[in-house]
Amino acid sequence: MAGGARLRCGRAVRIRPELRMIDYHIHPDFSPDAVGSIRDFCARADELGLEEICFTTHFEPDPERDGYESVIVRGETRSVSTDWAKHYLEDIALGQEQFPQLRVRAGVELGYEMGVEGRIADFLDRYRFDYVLGAIHCLEHVAISGSKEIERMKALIAPKGPEYVAGRYFDYLQAAVGSRLFDCIAHLDIYRKYVLPLWAGTPAIAVFDRVVGERMGPALEYMAENKVGIEVNTSALRRGEEEPYPGWGIIRLAKRAGVEPFTIGSDAHRPEDLGAGLEDTAARLAELGIRPARFSARERIE
């Protein structure tokens, strides 16, 4: 499928060139849950007619999760404490050389944990990225955003109750924003994916929603104050949901609170998912007066 075409509902569709599409959340095979090399993703982006992409492989720096986290370097599993990022940045630079018509940015999706800010800062001083996403993937060292740890989450997190879990999520969010280590926060309402289903069909959902309602507004104001932006993540759309992460209500609240910038990404973990949902989401963001931002060397560019 060439010439900037992509599939929608079984037919080839060209990305509208006036949208100048970018994808700022991509996981190549350095992430252990992803397939496809940096070159594979670059080739797919060129095929789709994307103008700019940013790779954001996973990095989970919490030392208490060393037994759960790893990275893949050219087929070899390595500890997150190794020099994997050197090879990652080299491969991104090579991808830019091989696809000069495509802007290829170097980013990382960093899982935030309280108390490891120094380790994160050291990592970001050692390796130079264009863009850094912060993500709340874990609460108290237990993953809340992945299917592999659902049983641990049920045993260690869910019994504390929806009020505690929702409140703790926003505690983490506030700490991550206050650290000022990140350009944007990824999938701000990621709790929709695995946490809310724990209490589906029970009164606990209303309790969780109440806490979210109480704390979301102040959290967004704090993000605006600290100049930390929001990533609009379209991965929920390809799984059949109607709204991206975060949902449109949160996006409108964030805009009113003065949050900037907004970025957009598919959270693709394989080349065939690259760009999924971006076109319609970008068009809707434009209706709200939001144009997805771009970054170079941690600075926002127009």
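From the list Glu113, Glu69, exactly one residue is part of a loop (DSSP other than H, G, I, E, B), at negative phi and crowded, with 22+ Cβ neighbours inside 10 Å. Which is it? Quick ask: steps written out before the conclusion?
Numbers: Glu69 fails: crowded, with 22+ Cβ neighbours inside 10 Å.
Going through Glu113, Glu69 in turn, just one is part of a loop (DSSP other than H, G, I, E, B), at negative phi and crowded, with 22+ Cβ neighbours inside 10 Å: Glu113.
Residues to consider are Glu151, Glu231, Glu225, Glu221; find the one that is acidic (Asp, Glu), more than 18 Å from Asp267 (Cβ to Cβ) and in contact (Cβ under 8 Å) with a residue 12 or more places away in the chain. Break it down stepwise before answering.
Numbers: Glu151 fails: in contact (Cβ under 8 Å) with a residue 12 or more places away in the chain; Glu231 fails: more than 18 Å from Asp267 (Cβ to Cβ); Glu225 fails: in contact (Cβ under 8 Å) with a residue 12 or more places away in the chain.
After ruling out the rest, the residue left standing is Glu221.
Would you tally the residues in segment 267-294 being among the β-branched types (Val, Ile, Thr) and within 25 Å of Cys42 (Cβ to Cβ)?
Pass one, segment 267-294, residues among the β-branched types (Val, Ile, Thr): 281, 290.
After this cut, where a residue has to be within 25 Å of Cys42 (Cβ to Cβ) as well, the list is 281.
The total comes to 1.
Hey, any hits in segment 31-43 for a residue that's touching a Lys or Arg at 6+ places or on another chain (Cβ under 6 Å) and of a type in the set (A, V, I, L, M, F, W, C)? Write out each step before concluding.
Residues of segment 31-43 touching a Lys or Arg at 6+ places or on another chain (Cβ under 6 Å): 35-36.
Those left that are additionally of a type in the set (A, V, I, L, M, F, W, C): 35.
Yes: one or more hits.
Of the numbered conditions (1) in contact with a Pro (Cβ under 6 Å, 6 or more places away or on another chain); (2) farther than 30 Å from Met21 by Cβ; (3) hydrophobic (A, V, I, L, M, F, W, C), Ile38 satisfies every one except a single condition; which is it?
Ile38 satisfies all of (1) in contact with a Pro (Cβ under 6 Å, 6 or more places away or on another chain); (2) farther than 30 Å from Met21 by Cβ; (3) hydrophobic (A, V, I, L, M, F, W, C) except (2).
When segment 241-258 is examined, which residues are found to be closer than 20 Å to Asp23 by Cα, surrounded by 17 or more Cβ atoms within 10 Å (Cβ to Cβ) and hydrophobic (A, V, I, L, M, F, W, C)?
Correct list: Ile251 only.
How many residues does segment 250-297 contain that are free of Cβ contacts under 8 Å to residues at least 60 places away in the same chain and among the hydroxyl-bearing types (Ser, Thr, Tyr)?
Residues that pass the stated criteria total 1.
Looking at (1) farther than 22 Å from Ala45 by Cα; (2) acidic (Asp, Glu); (3) in contact (Cβ under 8 Å) with a residue 12 or more places away in the chain, find the lone condition where Glu242 falls short.
(3)
Residue check: is Ala45 of a type in the set (A, V, I, L, M), within 27 Å of Glu260 (Cβ to Cβ) and in contact (Cβ under 8 Å) with a residue 60 or more places away in the chain? It would help to see each step written out before you state the result.
Values: of a type in the set (A, V, I, L, M): yes; within 27 Å of Glu260 (Cβ to Cβ): yes; in contact (Cβ under 8 Å) with a residue 60 or more places away in the chain: yes.
In short, yes.
Taken together, the values in this text are just the output of simple stated rules run on the coordinates, not laboratory data. Just so we're clear, the structure is a prediction, and the values are computed from it rather than from any experiment. A quick note on method: Cβ atoms are made from the backbone with ideal geometry, for glycine too, and the neighbour counts reach across all protein chains shown.
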